[in-house]
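Taking it in order: structure first as structure tokens, then the write-up.
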There are 2 protein chains.
Amino acid sequence: MSSAEKLTKLREITAEISRLGSIQALLEWDQQVNMPHGGAEDRGNQAALIAGLAFDKSTSDELGALIQDLASEIPDLDADDDFAREIKVAKRNYDRNARIPREKIIEFVLATSAAHEAWVKARADNDFASFEPHLTHIFELRRQQAELFQPYEHPYDPLLNEYEPGMKTSDVRAIFAALRPRQVELLRAIAESEQIDNSFIKQHYPFDEQRKLGTFIAGRFGYDWERGRIDLAAHPFTTSFGVGDVRITTRFLDRDCMSALFSTMHETGHALYDQGLSPKYYETSLGQPASYAIHESQSRLWENLVGRSREFSRFLFPVMQMLFPQHLGNVTLDQFYRGINRVEPSLIRVEADEATYNMHIMLRFEIETGLLEGSLKASDLPDIWNTRMQEYLGVTPADDTNGVLQDVHWSSGLVGYFPTYALGNLISAQLWEKMVAEHPEIPAAMTEGDFSQILAWLRENVHRYSSRYDPLDLVRKITGGPIDPEPYLRYLNAKYSEIYRF
Amino acid sequence: MSSAEKLTKLREITAEISRLGSIQALLEWDQQVNMPHGGAEDRGNQAALIAGLAFDKSTSDELGALIQDLASEIPDLDADDDFAREIKVAKRNYDRNARIPREKIIEFVLATSAAHEAWVKARADNDFASFEPHLTHIFELRRQQAELFQPYEHPYDPLLNEYEPGMKTSDVRAIFAALRPRQVELLRAIAESEQIDNSFIKQHYPFDEQRKLGTFIAGRFGYDWERGRIDLAAHPFTTSFGVGDVRITTRFLDRDCMSALFSTMHETGHALYDQGLSPKYYETSLGQPASYAIHESQSRLWENLVGRSREFSRFLFPVMQMLFPQHLGNVTLDQFYRGINRVEPSLIRVEADEATYNMHIMLRFEIETGLLEGSLKASDLPDIWNTRMQEYLGVTPADDTNGVLQDVHWSSGLVGYFPTYALGNLISAQLWEKMVAEHPEIPAAMTEGDFSQILAWLRENVHRYSSRYDPLDLVRKITGGPIDPEPYLRYLNAKYSEIYRF
């Protein structure tokens, strides 16, 4: 085979792997959105079949040999050209998939399946002790997986790299160390200020109008309805079956007019990224989004930098007053804007506001690295959790259900994932600073509901690169520097000192 | 490998093929029900990938050798036991799939793809001439496929057998020859009678109430909502992703209160069969429904023998009067029953009533066998079509769009399929006669909306056998004889002589 034929063959295989991934995503989406109860067992078998086919394709000797041959023809795999990059990423993906022996994969799948079931029960029963052995087992298996990727500075590095290629544990530590005291300080200033009334949010808001509102805003942000749709699901998510079919789900709360809307803005941010991925790299090894943190930066940018801004409130509030005249007729724009930005240290990560969210992540990161290093044992977790929640946020959960048992991640084997949420927050502010510096007219345009320049800038600077660049390289290419907490801190301080008047 | 191990391996493979089929069905269902326009190209690639995997699995040498080995251990493959039957059907399926060379399959897929596109255009433009070469090509390829299955009495036999295992062209001819003059005679008697007013059907009926009605009736028939759901699609169909997830689609017409309802009853009949397939044979070679005609007998039985009966009208009509008081408040039960059973020879098969439907099928069967024998050329079709429509139904289409171009089947390569619709009608009446003879209380129960005995009888006598028996054997097992037009003719004559008073 000539090199050109080898590349063609490589791309055939990556396209098939990509299609199997899309089919897997459809099986899951349908399960969350449509599937009747009785379909569960068959759906499990169908998903396992596709997962097995994708695994076999991703780890085949044929694929390994093709990549090896193509890599040997490239003098510098780190060169900044498309072809070198494609082979480098193909090689990295292949190594990641093929280095873990098949029997260890099966062991891991079985362990997470058992752990997930145990977690559901433990959480319902507030019984951490029954989950503890599963947690220990999951972390032991993850540690074994990490060891296959030596050498590293820290055993957490290879796990983090599954979500953030090129990122190091020491980088995350340094960022969080810079962030922590200043977020604590900000929270103290807020706590000492006069508190804000947001009782207008907590009324009965009819679902039909909530649905209209979310649909309207997603469309205004630029979500392409020819290539997507919004459905109901218990837990909101975004999924993609290809660049032409990127779907959002949402759910409505009865006594909260903002929860579904912010969730929809968040998922729209994810979806705009997936709809904007490059056709050029589509279905190749560079066809995926750059990383989880980059993805999260998109959802957070639309949800927070846009959606929770004073400028956007000027556009949004009249629309909401029209839809909900009895609820909002006597609320002023200033009350609305300050109300939806009320800060309230809470026990639950997914309910956290912008000022507190990162603190939840730091706690989890410290626990993950501690367990992996062996400096913590699973049995220490409830105590550590409660002590640090008090230290960081000034609240202590009454039980483990609302504490250490609240998240699904560890039971699913997701260790190394949490930091991407906080990194996404930081990157969103870095992108925003850069974007607004280049286009100072953007905030004014938002007051009129014009978001076209924001989307165009993200398309141009982020979306269209798919995974042509590693996340840190992409951030550097855009901002000229590394992931940096300063823009986010500047943003938070400016915003909340104005809202809370300190 | 021991025989037991070989059987286990065979069942692993058939289960995988079955799961790929379910995944394929989900890809198609989602495309019809949910998929945004932009997803079409990716969806095509995903479906082609799964189809290719299923083809490879269904035709692998490994599977062929397993079946060969197991078959050689069975003294009599025609024996009436589960194991012999399983291997016999596995062998038949394998032969059917593996005998056609891969390149001929690809040629056929490409030809039907082009033919379908040409048909859509030809139908829109009333331009049969542009479709004619595609039709000739499709029939030529189907003839070549048939030849691979020599010896046979008639080249149509192997095509028919794809849908009706064991059925012969000569059987269908004999049945249709008995049927044709007596259906023509019945239509003459109806035409000479006083005509029936059904104008109450042709009003604006709100979709929401139509939806409630269809959902209510499907549930009363016994459709299990834990294992299914109803959605909207342009063309109603039923699909199954396993015995625990059998979905129906429907669509509502603005100015017709019965079309969606009858369509839902029809699809519910299909779905009840799929929900009732045997767990015992599930995912083995015997796990599929017995045949297309048996499937159609189920849909027709619920749509017609139940849904269009005077007894059912006594239950249905008050419900409809409650839902549509302004439309039906001044209609009597007798007017309703006679109105929904009005006979009207029409040009379009899918709009045909019980008295005329089979005539549409006979015409198509004659054309298919004629083209395959070479006694007809594609260019003859418009003339033949129009002449026979006049002869059988007394109507002549004004153009080919409403004549020979109306059906999608031939452009999709479906040659040999049409007779199953008429055979399904005949079998539905045979089953009904037998069922009511055994349970004479069934008609009275229908007036009260109690259909439990009907479903129980079908479960017991039809559904639970999956494809344990070939269709003709199943009909013989239940009724003691072959497929027989007499019960259907008795049913039609009794029904319409009462309605039309002749």
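The values are calculated or read from the model by the stated rules, or taken from the named source; none is laboratory data. What you see is a predicted model, and the numbers here were worked out from it, not measured in a lab. So basically every Cβ, Gly included, is an ideal-geometry build from the backbone, and we count neighbours across all protein chains shown.
The set of residues from the stretch B:39-85 being of a type in the set (Asp, Glu) and in a loop (DSSP other than H, G, I, E, B) comprises B:Glu73, B:Asp76, B:Asp78, B:Asp80, B:Asp81.
A Cβ distance below 6 Å, combined with a sequence gap of six or more or placement on separate chains, defines the contacts here; from the stretch A:239-259, residues that are more than 11 Å from chain B (Cβ to nearest Cβ) and closer than 18 Å to A:Ala271 by Cβ reach residues that are part of a strand (DSSP E or B) and not aliphatic (A, V, I, L, M) in the pairs A:Thr239/A:Arg247; A:Ile248/A:Thr238; A:Thr249/A:Asp231.
For B:Ile478, are the conditions met, namely being buried (at least 16 other Cβ atoms within 10 Å of the Cβ) and either more than 19 Å from the chain's Cα centre (by Cα) or among the basic types (Lys, Arg) (or both)? Against the criterion (buried (at least 16 other Cβ atoms within 10 Å of the Cβ) and either more than 19 Å from the chain's Cα centre (by Cα) or among the basic types (Lys, Arg) (or both)), B:Ile478 qualifies. Does A:Leu10 satisfy being touching a helix residue (DSSP H, G or I) at 6+ places or on another chain (Cβ under 7 Å) and in contact (Cβ under 8 Å) with a residue 60 or more places away in the chain? Against the criterion (touching a helix residue (DSSP H, G or I) at 6+ places or on another chain (Cβ under 7 Å) and in contact (Cβ under 8 Å) with a residue 60 or more places away in the chain), A:Leu10 qualifies.
Which residues, counting only those in the stretch B:265-286, are more than 30 Å from B:Phe252 (Cβ to Cβ) and out of contact with any helix residue (DSSP H, G or I) (no Cβ under 6 Å at 6 or more places or on another chain)? The answer is B:Pro279, B:Lys280, B:Tyr281, B:Tyr282.
Selection within the stretch B:103-124: residues that are touching a residue at least 40 places away in the same chain (Cβ under 8 Å) and charged (D, E, K, R). The member of this set that is farthest from B:Arg364 (Cα to Cα) is B:Lys104. For A:Ala90, indicate whether it is crowded, with 19+ Cβ neighbours inside 10 Å, small (Gly, Ala, Ser), more than 14 Å from chain B (Cβ to nearest Cβ) and over 30 Å from A:Ala234 (Cα atoms). So A:Ala90 passes the test.
Scanning the stretch B:197-211 for residues that are more than 29 Å from the chain's Cα centre (by Cα) and either over 17 Å from B:Leu261 (Cβ atoms) or of a type in the set (S, T, N, Q) (or both) yields a total of 3. For the residues A:Asp95, A:Asp30, A:Asp61, A:Asp82, the requirement of being within 14 Å of chain B (Cβ to nearest Cβ), among the acidic types (Asp, Glu) and out of contact with any strand residue (DSSP E or B) (no Cβ under 8 Å at 6 or more places or on another chain) singles out A:Asp30. Only one entry of B:Pro318, B:Pro279 meets the criterion of being at pLDDT below 95, under 23 Å from B:Ala218 (Cα atoms) and more than 17 Å from the chain's Cα centre (by Cα), and that entry is B:Pro279.
Kindly indicate whether any position in the stretch A:67-79 is more than 7 Å from every other protein chain (Cβ to nearest Cβ), among the polar types (S, T, N, Q) and under 15 Å from B:Ile50 (Cβ atoms). Checked the stretch A:67-79: no residue is more than 7 Å from every other protein chain (Cβ to nearest Cβ), among the polar types (S, T, N, Q) and under 15 Å from B:Ile50 (Cβ atoms).
Just one residue in the set B:Glu209, B:Glu162, B:Glu194 is surrounded by 16 or more Cβ atoms within 10 Å (Cβ to Cβ), among the acidic types (Asp, Glu) and either closer than 27 Å to B:Leu458 by Cβ or not assigned by TED's automatic domain parsing to the domain that holds B:Arg300 (or both); that residue is B:Glu162. Would you pick out the residues in the stretch A:168-190 that are surrounded by 13 or more Cβ atoms within 10 Å (Cβ to Cβ) and under 16 Å from A:Leu393 (Cβ atoms)? Answer for the stretch A:168-190, where residues must be surrounded by 13 or more Cβ atoms within 10 Å (Cβ to Cβ) and under 16 Å from A:Leu393 (Cβ atoms): A:Phe176, A:Leu179, A:Arg180, A:Arg182, A:Gln183, A:Val184, A:Leu186, A:Leu187, A:Ala189, A:Ile190. State whether the residues of the stretch A:362-373 include one that is assigned to a helix (DSSP H, G or I) and more than 29 Å from A:Gln144 (Cα to Cα). Scanning the stretch A:362-373, I find no residue that is assigned to a helix (DSSP H, G or I) and more than 29 Å from A:Gln144 (Cα to Cα), so the answer is no. Residues considered: B:Ala54, B:Ala25. Of these, the only one that is in contact with a strand residue (DSSP E or B) (Cβ under 6 Å, 6 or more places away or on another chain) and either more than 9 Å from chain A (Cβ to nearest Cβ) or in contact (Cβ under 8 Å) with a residue 60 or more places away in the chain (or both) is B:Ala25. Pairs are defined by a Cβ separation below 7 Å, a sequence spacing of at least 6 or placement on different chains, a first member in the stretch B:440-465 that is on the phi < 0 side of the Ramachandran plot and without any contact (Cβ under 8 Å) to a residue 24 or more places away in the chain, and a second member that is surrounded by 15 or more Cβ atoms within 10 Å (Cβ to Cβ) and hydrophobic (A, V, I, L, M, F, W, C); the pairs so defined are B:Ile442/B:Met435; B:Ile442/B:Val436; B:Ile442/B:Ile454; B:Gln453/B:Ile442; B:Gln453/B:Ala445; B:Trp457/B:Met435. The set of residues from the stretch B:277-296 being among the charged types (D, E, K, R) and surrounded by fewer than 20 Cβ atoms within 10 Å (Cβ to Cβ) comprises just one member, B:Lys280.
Yes/no per residue for (1) among the β-branched types (Val, Ile, Thr); (2) at pLDDT below 95; (3) under 30 Å from A:Asn97 (Cα atoms):
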position	(1), (2), (3)
A:Asp245	no, no, yes
A:Cys257	no, yes, no
A:Ser291	no, no, yes
A:Ile294	yes, no, yes
A:Leu301	no, no, no
A:His327	no, no, no
A:Thr332	yes, no, no
A:Gln335	no, no, no
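With respect to the conditions (1) buried (at least 18 other Cβ atoms within 10 Å of the Cβ); (2) of a type in the set (Ser, Thr, Tyr); (3) assigned to a loop (DSSP other than H, G, I, E, B), A:Ser299 falls short on a single one, namely (3).
Residue by residue, here is whether (1) in a helix (DSSP H, G or I); (2) of a type in the set (Asp, Glu) holds:
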{"residue": "A:Arg388", "(1), (2)": "yes, no"}
{"residue": "A:Leu405", "(1), (2)": "no, no"}
{"residue": "A:Val408", "(1), (2)": "no, no"}
{"residue": "A:Val415", "(1), (2)": "no, no"}
{"residue": "A:Ile454", "(1), (2)": "yes, no"}
{"residue": "A:Arg459", "(1), (2)": "yes, no"}
{"residue": "A:Asp473", "(1), (2)": "yes, yes"}
{"residue": "A:Tyr491", "(1), (2)": "yes, no"}
{"residue": "A:Tyr496", "(1), (2)": "yes, no"}
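For residues that are among the basic types (Lys, Arg) and either assigned to a helix (DSSP H, G or I) or in contact with a strand residue (DSSP E or B) (Cβ under 8 Å, 6 or more places away or on another chain) (or both), scanning just the stretch B:166-222, find the one that is nearest to B:Glu448 (Cα to Cα). Looking at the filtered set, the residue picked out is B:Arg220. If I ask for residues that are closer than 23 Å to B:Asn425 by Cβ and crowded, with 20+ Cβ neighbours inside 10 Å, which ones from the stretch B:139-156 would you list? If the condition is that a residue be closer than 23 Å to B:Asn425 by Cβ and crowded, with 20+ Cβ neighbours inside 10 Å, then B:Tyr156 is the only one that fits.
For A:Pro279, state whether it is within 14 Å of chain B (Cβ to nearest Cβ) and outside any helix (DSSP H, G or I).
Judged against the criteria, A:Pro279 is a match.
Screening A:Glu226 on (1) in contact with a strand residue (DSSP E or B) (Cβ under 9 Å, 6 or more places away or on another chain); (2) within 14 Å of another protein chain (Cβ to nearest Cβ) shows it passes everything except condition (1). For the stretch B:32-42, the criterion of being more than 27 Å from B:Arg102 (Cα to Cα) and among the polar types (S, T, N, Q) is met by at least one residue.
When you look at B:Asp231, is it acidic (Asp, Glu), touching a residue at least 12 places away in the same chain (Cβ under 8 Å) and either touching a Pro at 6+ places or on another chain (Cβ under 6 Å) or within 13 Å of chain A (Cβ to nearest Cβ) (or both), yes or no? When the stated conditions are applied, B:Asp231 passes them. Number of residues in the stretch A:23-49 that are touching a helix residue (DSSP H, G or I) at 6+ places or on another chain (Cβ under 6 Å) and small (Gly, Ala, Ser) equals 2.
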